[in-house]
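Colleague: Encoded as structure tokens, here's the structure I'll be asking about.
The values are calculated or read from the model by the stated rules, or taken from the named source; none is laboratory data. Only a predicted model underlies this, so the values are computations on that prediction, with no experimental measurement involved. Positions of Cβ are backbone-derived with ideal geometry, glycine not excepted, and every protein chain shown enters the neighbour counts.
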Amino acid sequence: MSDAIATRPLGADVGRLDGPRKVTGAAIYAYEHPLTDPAYVFPLLSTAARGRVVGIDAAEAQRLPGVLAVLTHEPAPKLADTSNPELAVLQSPAIHFRGQIVGAVVAESLEIGAHAAALVCIEEQASEHDVVLRVDHPDVFKPDDDETDTAHGDAEAGLCPAATVDATYTTPHQHQGAMEPHTSVALWSDDTLRLYESTQSVHGVRETIAEVFGLRAEQVEVTAPFVGGGFGSKGEVHANTVLAVMAARAVPGRPVKLALTRRQVFTLGSHRTPTIQRVRLGADASGGLLAITHDVWAHTSRVQVYIDQIAAATRMMYAAPSIATTHRLAPLDVPFPSWMRAPSEAPGMYALECAIDELAVALRIDAIELRIHNDPPADPVSGKPWSSRNLVACLRQGAERFGWAGRDPAPRRRRDGRWLAGTGVAGSTYPVFHTPGSQARVEFRADGRYEVSIGAMDVGTGTWTSLAQVAAEALGVPLERVALQIGDTALPYSHVPGGSAGITSWGATLFGAARAFRDRHGDDPAPGDAVTAGAPDNPAEDAYAMHAFGAHFAEVRVDADTGEVRVPRMLGVFAIGRVVNPRTARSQLIGGMTFGLSMALHEEVVMDAALGAIVTTDLAGYHIAANADVGDIDAAWIDEIDPHVNAMGTKGIGELGIVGSAAAIANAVFHATGIRVRDLPITPDKLLRARVELSARA
Amino acid sequence: MKPFEYERAADTGGAVAALAGRRGAAYLAGGTNLVDHMKLGIASPELLVDVSRALDARIEELPGGGLRIGAGVRNADLAADMRVRKRYPALARALLSGASGQLRNLATTGGNLLQRTRCPYFQDPTTPCNKREPGSGCSALDGHTRQHAILGASQHCVATHPSDMAVAMLAFDAVVRVRGAGGLREIAIADLHRLPGDVPQRDTTLEHGELITDVDLPSLEIAARSTYRKVRDRASYAFALVSVAAAVELASDDTFADVRIAFGGLAHKPWRATLAEDELRGRPATEAAFRAAAHAELAAAQPLRDNAFKIAMASNALVATLRELTMPRAAR
């Protein structure tokens, strides 16, 4: 790389421009916006998992000094659109899950609100509930979705005469666990609703809230300059925001604040569905795949269908004459599932990449060579060429950096004191998504800087910095000459940055806007010159299959006495096109890998079947990997030039780090112990139980 | 959260007087457990008597070689004390394996002993729980019991005690000094925590209004060769699935001259493994003897639906701990 390129804004190693504001506390998050005389909302939640509210006595609460209002379904606060059951807050006495909003107290302080909430008597009539996902659930159905079932070739024939792997994997109900809870500050004044919101999309909140409350979009102003993590849980509007707006309407002219407690986030903030996944692989003796089938069962709310395309990556990861996938849902009395950290690929690739490892073991073929052997020259299902596909390069380069060569594939052979040691590998992939329709505004200011405005978001990933770099690159000016504005509906429209499409979509938009600006105003504009424009369509989008790829390597140690798993080393090597900012990119990738470690070893929302209740409702019970769990962790990327994906040549990286990393750890645990734990998380009790069973058989 | 009164006690006498006769009053020290409970709606004291300034925060030598730990000594300070680290290493390790740095900076010695179970049903006031609401039933019995007791439980309560520190103190026969309306009394730590029986709402034998003022660690040579092993789901910041505090003294022929063993995570109280100790005294330090000792203690275990693994885990953890402690110095 020449110096001339290295010093360009795109690709420069720039520290976070908002870093000083964050570490000094000057960055303002939703709850902290200074407003005069706010009131506080405290939600009342159902304790039945299914049934109805048959009586509410709020008299005592209403008499408590400082209580401004008690909201219940009698009378139901008016909504214009109640078609989404999750957002039809307080519209009926029906209870669809334990922890649903069945009322709220609006009070002068949070403490008074909490006190009053305890004084409201809610009588519920419970009906029989079911919160347990199982393959033979009588209500299992095939969701109405184009890609629910796919069949390419004759999969059953490919599995004959001998299916080499037939294994069922499960991943538990998981929770996004953002540090900042779901928070809304709402203020009605005249005909305008102002929201300070912890969200992944200000324009998404505007659209949804306007629909639900029957407002014009312009009547809803949403601000979210800083967000303390979302991981999908703040990608869509949930009931808490609707409740905050209702509460604000009850005290017009006064701002109301609603921050869910950690416990409330677990039921109201959405979650990842548990999955049961059966993967079958048929292969010839040399490891050539003949057939892949991937059948998935997940849950959804009984009153709303939500589906993740969990087997999506199985349709494109490896070459096989026949590939078939199915998805089935069991409707249960559970909170509403939604997006979480690579919603489909994270659980789906866990199963597929473990199955590939099982195939390698069964065929006595190196796990990397097996993957390379089955690398498809074109998208196996659509037949489209890859815009770029460098899984093989990631595997090879990763193997070299990790020291894979000479690895003895036999399990349970390496012992270091009390520890059994092992290594594992897994592939990763994530689609290059592009959400069209965003706009950006470029204005040349009197101070010589370009103000670049777009309703983009920084959910903690570094957008304030990386998007400013893109803008500088697009305009051909140094970074210092860009003044970026994001995180507000006052700025030009932008789509929700789901699917790791943030930088890619916003960046393409900025490139389009910069070009339009230069076309109109040239390289020497006058102060006040401005243009609002979007990105032109990308003609390559339909011609190519576009995906990012990666290879995960993990070293684990398992305590031979207790089954405790430690991960001293993780390495990910990725093919992600052009990197906008190596510092924030690395941070996102190792963050994703840490989530993968967490998924492999820790995270599980436990539901009590009898109560229909989540019992892991705090961060002491719902474990997410902490610092001590993460050892030597590193992310690297190959030089990849993809001329087709977009003007910058970038691929999304937000979710790639988690995809496959749990499988690499699970495969390493097998290598260390000889025990294949197919049900995540891999906790000490599962290894110990398997060991006791193994030694009982021996 | 219900409104409450707050008073700051100047000394322990004043604190005890403030609580005497007020059933709805509670002491507040580090607040790391009680304040959570107030937010969750598990505890709603009418009066908080803040003893954080009244309690002794010093660690002093006792005549004869023991240590007196003021009840106000923060967990972080106790773990860092050189005398504790040298003479009672299992205690320092137990402290450091608990909670997080931030919590250890606040939590006190007295409060740590009195922290309440992390049973998720106890912590959720919308579920039945005999400990929180006597007679309402035990949700855990048919529920999620991975963290629950396998020893000494009753049909009324299967909760476990969460403290690490108390497990090590139990192995060392600490003495808890308590001040009440009637004056001072001393309680052997083995008699402080109780089994649930049919009164699961009572965690300890303290009477209402009694205040822990100090914990005495006796002079104990064996304690210098001790350790604490905590088995948990995460490398840090997780409660024990199983933990072991152990101290050994080997005779010149490598038989056990003395041994101290206590378990955490197995019962409603820190569990002194007297059966295992009896099994080991006088026996040679062999793997077979360690196994036999574990078996002697755990034979009475009654696992629930999700926690049968604790028997193997406790047994293995004890064997591994004894192996480590009895390994010749050169091999360690």
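Colleague: Within the range A:494-530, track down each residue that is at pLDDT 95 or above and in contact with a His (Cβ under 7 Å, 6 or more places away or on another chain).
Modeller: Within the range A:494-530, just A:ASP529 meets the criteria.
Colleague: Quick one: in the range A:506-520, of everything that is in contact with a strand residue (DSSP E or B) (Cβ under 7 Å, 6 or more places away or on another chain) and in contact (Cβ under 8 Å) with a residue 12 or more places away in the chain, which residue is farthest from A:SER382 (Cα to Cα)?
Modeller: Residue satisfying both the conditions and the ranking: A:PHE517.
Colleague: For the range A:600-624, give me the residue count where each residue is part of a loop (DSSP other than H, G, I, E, B), facing chain B (nearest Cβ under 7 Å) and of a type in the set (A, V, I, L, M, F, W, C).
Modeller: Final tally of qualifying residues: 5.
Colleague: If a residue counts only when it is outside the structural domain of A:GLY204 (by TED's automatic domain parsing) and surrounded by fewer than 18 Cβ atoms within 10 Å (Cβ to Cβ), which strands (runs of 3 or more DSSP E) contained entirely in the range A:357-453 have at least 3 such residues?
Modeller: A:414-416
Colleague: Continuing with the same structure: If you check A:PRO331 against the conditions, is it part of a strand (DSSP E or B), in contact (Cβ under 8 Å) with a residue 24 or more places away in the chain and surrounded by fewer than 23 Cβ atoms within 10 Å (Cβ to Cβ)?
Modeller: yes
Colleague: Outside the structural domain of A:PRO380 (by TED's automatic domain parsing) and small (Gly, Ala, Ser): which single residue out of A:ALA560, A:ALA472, A:ALA554 fits that description?
Modeller: Matching residue, one of A:ALA560, A:ALA472, A:ALA554: A:ALA472.
Colleague: Could you look through the range B:124-133, keep only residues that are closer than 22 Å to A:GLN264 by Cβ and touching a Cys at 6+ places or on another chain (Cβ under 9 Å), and pick out the one that is farthest from the other protein chains (Cβ to nearest Cβ)?
Modeller: B:CYS129
Colleague: Within the bounds of the range A:649-657, is there any residue that is more than 21 Å from the chain's Cα centre (by Cα) and surrounded by fewer than 22 Cβ atoms within 10 Å (Cβ to Cβ)?
Modeller: yes
Colleague: Turning to a different aspect of this structure: Determine, yes or no, whether A:ASP629 is facing chain B (nearest Cβ under 8 Å) and not aliphatic (A, V, I, L, M).
Modeller: So A:ASP629 passes the test.
Colleague: Can you tell me which residue is surrounded by the fewest Cβ atoms within 10 Å (Cβ to Cβ) among those in the range B:76-106 that are within 14 Å of chain A (Cβ to nearest Cβ) and hydrophobic (A, V, I, L, M, F, W, C)?
Modeller: So the residue we want is B:LEU103.
Colleague: Of all residues being of a type in the set (Ser, Thr, Tyr) and assigned by TED's automatic domain parsing to the domain that holds A:GLU218 in the range A:148-202, which is farthest from A:ALA666 (Cα to Cα)? Just the residue, please.
Modeller: The qualifying residue farthest from A:ALA666 (Cα to Cα) is A:SER189.
Colleague: Could you check the range B:1-56 and list, in sequence order, the residues that are within 14 Å of another protein chain (Cβ to nearest Cβ) and β-branched (Val, Ile, Thr)?
Modeller: Once the filter is applied, which keeps residues that are within 14 Å of another protein chain (Cβ to nearest Cβ) and β-branched (Val, Ile, Thr), the range B:1-56 yields B:THR32, B:VAL35, B:ILE42.
Colleague: A follow-up question, please. Any idea how many residues of the range A:212-247 are under 25 Å from the mean Cα position of the chain (by Cα) and not in a loop (DSSP other than H, G, I, E, B)?
Modeller: Residues that pass the stated criteria total 9.
Colleague: Going by the structure shown, is A:ASP524 more than 14 Å from chain B (Cβ to nearest Cβ), surrounded by fewer than 24 Cβ atoms within 10 Å (Cβ to Cβ) and among the acidic types (Asp, Glu)?
Modeller: Yes, satisfied.
Colleague: Can you name the residue in the range B:134-157 that is away from chain A (no Cβ under 14 Å) and in a loop (DSSP other than H, G, I, E, B) and, of all such residues, is farthest from the chain's Cα centre (by Cα)?
Modeller: Applying the filter and picking the extreme gives B:GLY135.
Colleague: Please pick out the residue among B:LEU250, B:LEU275 that is closer than 30 Å to B:PHE122 by Cβ and surrounded by fewer than 21 Cβ atoms within 10 Å (Cβ to Cβ).
Modeller: From the options B:LEU250, B:LEU275, the qualifying one is B:LEU275.
Colleague: Oh, and also: Does A:PRO568 fit the bill of being part of a loop (DSSP other than H, G, I, E, B) and either touching a strand residue (DSSP E or B) at 6+ places or on another chain (Cβ under 9 Å) or of a type in the set (S, T, N, Q) (or both)?
Modeller: The answer is no for A:PRO568.
Colleague: Being away from chain B (no Cβ under 14 Å), assigned to a loop (DSSP other than H, G, I, E, B), touching a strand residue (DSSP E or B) at 6+ places or on another chain (Cβ under 9 Å) and over 12 Å from A:VAL53 (Cα atoms), is that true of even one residue in the range A:93-107?
Modeller: No, the range A:93-107 has no match at all.
Colleague: Would you point out which residue out of B:ALA223, B:ALA245, B:ALA240, B:ALA262 is buried (at least 21 other Cβ atoms within 10 Å of the Cβ), touching a strand residue (DSSP E or B) at 6+ places or on another chain (Cβ under 6 Å) and in a loop (DSSP other than H, G, I, E, B)?
Modeller: Within the list B:ALA223, B:ALA245, B:ALA240, B:ALA262, the selection yields B:ALA240.
Colleague: Report, by residue number, each residue of the range A:469-479 that is assigned to a helix (DSSP H, G or I) and surrounded by fewer than 23 Cβ atoms within 10 Å (Cβ to Cβ).
Modeller: A:LEU479
Colleague: Of these, A:ALA540, A:ALA560, A:ALA548, A:ALA530, which one is in contact with a strand residue (DSSP E or B) (Cβ under 9 Å, 6 or more places away or on another chain), crowded, with 24+ Cβ neighbours inside 10 Å and either among the small types (Gly, Ala, Ser) or without any contact (Cβ under 8 Å) to a residue 60 or more places away in the chain (or both)?
Modeller: Result of the check over A:ALA540, A:ALA560, A:ALA548, A:ALA530: A:ALA548.
Colleague: Which members of the range B:43-58 meet the condition of being surrounded by fewer than 19 Cβ atoms within 10 Å (Cβ to Cβ) and either β-branched (Val, Ile, Thr) or not in a loop (DSSP other than H, G, I, E, B) (or both)?
Modeller: B:LEU47, B:ASP50, listed by residue number.
Colleague: What is the number of the single condition among (1) more than 9 Å from chain B (Cβ to nearest Cβ); (2) of a type in the set (Val, Ile, Thr); (3) more than 18 Å from the chain's Cα centre (by Cα) that A:THR594 does not meet?
Modeller: (3)
Colleague: A follow-up question, please. With A:VAL303, A:VAL296 as the choices, which residue is surrounded by fewer than 20 Cβ atoms within 10 Å (Cβ to Cβ) and closer than 30 Å to A:GLN100 by Cα?
Modeller: Of A:VAL303, A:VAL296, the one residue that is surrounded by fewer than 20 Cβ atoms within 10 Å (Cβ to Cβ) and closer than 30 Å to A:GLN100 by Cα is A:VAL303.
Colleague: Additional query: Just to be sure I understand, how many residues within the range A:52-86 are out of contact with any His (no Cβ under 8 Å at 6 or more places or on another chain) and either assigned to a loop (DSSP other than H, G, I, E, B) or within 14 Å of chain B (Cβ to nearest Cβ) (or both)?
Modeller: Final tally of qualifying residues: 19.
Colleague: I'd like to know if the range B:279-300 contains one or more residues that are among the polar types (S, T, N, Q), in a helix (DSSP H, G or I) and surrounded by fewer than 23 Cβ atoms within 10 Å (Cβ to Cβ).
Modeller: There is no residue in the range B:279-300 that is among the polar types (S, T, N, Q), in a helix (DSSP H, G or I) and surrounded by fewer than 23 Cβ atoms within 10 Å (Cβ to Cβ).
Colleague: How many residues are in contact (Cβ under 8 Å) with a residue 40 or more places away in the chain and of a type in the set (D, E, K, R) when one looks only at the range B:79-123?
Modeller: The total comes to 5.
Colleague: From the list B:LEU220, B:LEU241, which residue is touching a residue at least 60 places away in the same chain (Cβ under 8 Å) and more than 14 Å from chain A (Cβ to nearest Cβ)?
Modeller: Only one candidate passes the filter, namely B:LEU220.
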